[in-house]
Amino acid sequence: LVYAESWNGSFRKSTYEVISYAKELAKKTEGDLVAISFGDVSKEELLTLSKYGANRIVSYNNINKGDNQIASKLIADEAKESAYIIFSNTYTSKMIAPRVSVKLNSGIVSNVIAIPDSFSPLAVKRTSFSSKAIELVEVNTPNVILSIAPNSFHLKESETECMITNKDFSEKGD
């Protein structure tokens, strides 16, 4: 599952980078790529995610990404069956990802710069010490949150068929 962050209804390069990263990860693990988006994003803009490999997009138009409590709840609900939850290393993601980690009891690795070297246990490279060093981190939880460092993964077009599911969230029903 990938958090596809938007700004005023549009996606930026950082969103396409994490979609590209997640697509490569999905290829290695033979999984599907599901993206989740919050805010008023048009169908046309959502479909741009399929250009980089999203198979399915879950869109909550009535949720503001700044409402990190509800956003983290919805991401955790969607990610219950996901082994990997991918975020860009943005300010909003830094508020949401730790909350999702607690809700799912999952490991979390920030500043990721490469596709994992192994998957059992998961071993991934990340930057540390103000990006002056690179370390290999192992995570032994059933699901893992990876926050991708900016400009660490190139955009890779991988056009795919895509289904969009629009959902509404109401606190009354949850």
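Worth pointing out:
- Test: Asp77 is under 14 Å from the mean Cα position of the chain (by Cα) and either closer than 23 Å to Asp168 by Cα or of a type in the set (D, E, K, R) (or both): yes
- Test set (1) in contact with a Leu (Cβ under 7 Å, 6 or more places away or on another chain); (2) closer than 16 Å to Asp168 by Cβ; (3) touching a residue at least 60 places away in the same chain (Cβ under 8 Å) - Ala22 fails condition number: (2)
- Verdict on Asp77 being touching a strand residue (DSSP E or B) at 6+ places or on another chain (Cβ under 9 Å) and either open to solvent by 20 Å² or more (accessible area, probe 1.4 Å) or modelled with pLDDT of 95 or more (or both): no
- Hey, Lys23 touching a strand residue (DSSP E or B) at 6+ places or on another chain (Cβ under 8 Å), under 18 Å from Glu159 (Cβ atoms) and of a type in the set (Lys, Arg) or not: no
- Candidate set: the stretch 17-62, residues that are among the β-branched types (Val, Ile, Thr) and open to solvent by 10 Å² or more (accessible area, probe 1.4 Å); chosen: the one farthest from Glu161 (Cα to Cα): Thr29
- Count of residues meeting criterion [more than 17 Å from Glu159 (Cβ to Cβ) and not in a loop (DSSP other than H, G, I, E, B)] in the stretch 35-69: 8
- Selection within the stretch 116-154 - under 15 Å from Lys28 (Cα atoms) and either open to solvent by less than 30 Å² (accessible area, probe 1.4 Å) or not in a loop (DSSP other than H, G, I, E, B) (or both): Pro116, Ser118, Phe119, Leu122, Ala123, Val124
- Test: Thr165 is open to solvent by less than 80 Å² (accessible area, probe 1.4 Å) and closer than 16 Å to Ile19 by Cβ: no
- Cβ-Cβ distances below 7 Å connect the following pairs, each with a first residue in the stretch 114-143 that is over 22 Å from Ser20 (Cα atoms), a second residue that is open to solvent by 90 Å² or more (accessible area, probe 1.4 Å) and not polar (S, T, N, Q), and a separation of six or more residues or different chains: Pro121/Glu138.
- Residue in the stretch 83-105 that is touching a residue at least 40 places away in the same chain (Cβ under 8 Å), surrounded by fewer than 18 Cβ atoms within 10 Å (Cβ to Cβ) and either part of a loop (DSSP other than H, G, I, E, B) or of a type in the set (Phe, Trp, Tyr) (or both) present: yes
The values are calculated or read from the model by the stated rules, or taken from the named source; none is laboratory data. Predicted model only: the values in this text are computed from it and were never measured. So basically every Cβ, Gly included, is an ideal-geometry build from the backbone, and we count neighbours across all protein chains shown. The accessibility values were calculated without ligands, DNA or RNA, using every heavy atom of the protein model including side chains. Shrake-Rupley method; radii C 1.70, N 1.55, O 1.52, S 1.80 Å.
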